[in-house]
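To keep things clear, I will list the structure first and then write my remarks on it.
The values are calculated or read from the model by the stated rules, or taken from the named source; none is laboratory data. On a predicted model such as this, the values are computed, not experimentally measured, just so you know. Every residue, glycine among them, receives a Cβ derived from its backbone with ideal geometry; neighbour counts consider all protein chains shown. The protein model used for the area step is the full one, side chains on, heavy atoms only, and it has no ligands, DNA or RNA in it. Shrake-Rupley method; radii C 1.70, N 1.55, O 1.52, S 1.80 Å.
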Amino acid sequence: AQVLEPIPLFCSSPLVLMLTGVLVLAGLFSIIFFVRSGDLGCGESRGTRSEPARSPAVFVVFSFTSVVDLIISLEEDGYISGFVEVYVREGEPHLRTAHGILICYWDGIIHYGLYLAMIVAIGQRKSYRNLGLFWLGSLMMSIVVFLLGNLIGKYSSDLSPAFLLNLPYVLIPIWAGLRLFQQPKGKYLYQRPQDAGLVLLLLLTAAFTFFRGMVVLDCPADSCFEYIYQHEPYLRDPVAYPKVQMLIYMFYVLPFLCLCIYGLVLPGCSWLPDWSLVFAGAIAQAQFAHLGSSLHPRTPFPYQTPEDVWWSFLLTNVLYALGPQLLAYRCLRSPAFFLPATPASLHGGKKHQ
């Protein structure tokens, strides 16, 4: 017993946990690399090697981490036990917050499903560009709010070396995003629908974004004071995730909403279809984490949403998440409106709309 006594202490060391995580990820990349190299050597010639952008290695590794995140969320909510208790307690205690649990659920379910869909598309040599752009926005929003909240919230003093395991979630999406934007776009042409309702919804979303930004900036207006105490007290939670989320909404999402409205009013904004997918993924992840954390029992009771405003709270936040999804759907269904005018359309002998 005296010989085995140091083992739990060794295994619970934050540095050892970080090194273990690095070795696991390195091992996964190595296995995938050697298996892929063997397949290329046996069955494919140099002329038929697939492009790096179509390699599923990144999505395979991220699928593994998604399963780990799902296990973390299930264990923290009490559905299972004995799997990752030491890691969460010693390595990343911020994952025990309501926000941490909700982003683990999102990663373990939504991101995992996207990874599987993209891997299947790669195997069938089909385009996974649209799925990838949605995933890119979702993952970047998740990691930015998570990292900034950890650095300035009440868990900032508890950060350990295991926190560095989040670094690949910053670097790899940047690389993947550059690859995704270089892939060719689909050319589906459908009749353009009416956009008045969508523009109105985006205008309301922009107004609500500005209002909640002013709320977390301690605006002295009575409406802001009433809202933060009676409708969304979670915005006062000292974990800082909700405050960071609202500030990102105000300083980044709000300007983009204005650009989206501009792109819907005036034709030829070819950038909008791609970025609408990134935007939709980001807002879907953010609203899932924010809405779920506001109601989760792990959030301290004074910061939970009061029961008498549940329905209004759910309605406003669901509508907030719905706008970007409808925008992305509209861009995918009829992209012709966003194509730039061609010189051929200026000749009288050519037919044009």
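A few comments on the model shown:
- Residues being open to solvent by less than 40 Å² (accessible area, probe 1.4 Å) and under 21 Å from Trp311 (Cβ atoms) - total across the range 218-252: 7
- Each residue in the range 192-217 was checked for being farther than 18 Å from Asn317 by Cβ and open to solvent by less than 40 Å² (accessible area, probe 1.4 Å), and 3 pass.
- The numbered conditions (1) open to solvent by 30 Å² or more (accessible area, probe 1.4 Å); (2) within 25 Å of Pro340 (Cα to Cα); (3) in a helix (DSSP H, G or I) are all true for Val278 except (1).
- Looking only at the range 72-105, and only at residues there that are touching a residue at least 12 places away in the same chain (Cβ under 8 Å) and assigned to a loop (DSSP other than H, G, I, E, B), the one that is most open to solvent (accessible area, probe 1.4 Å): Phe83
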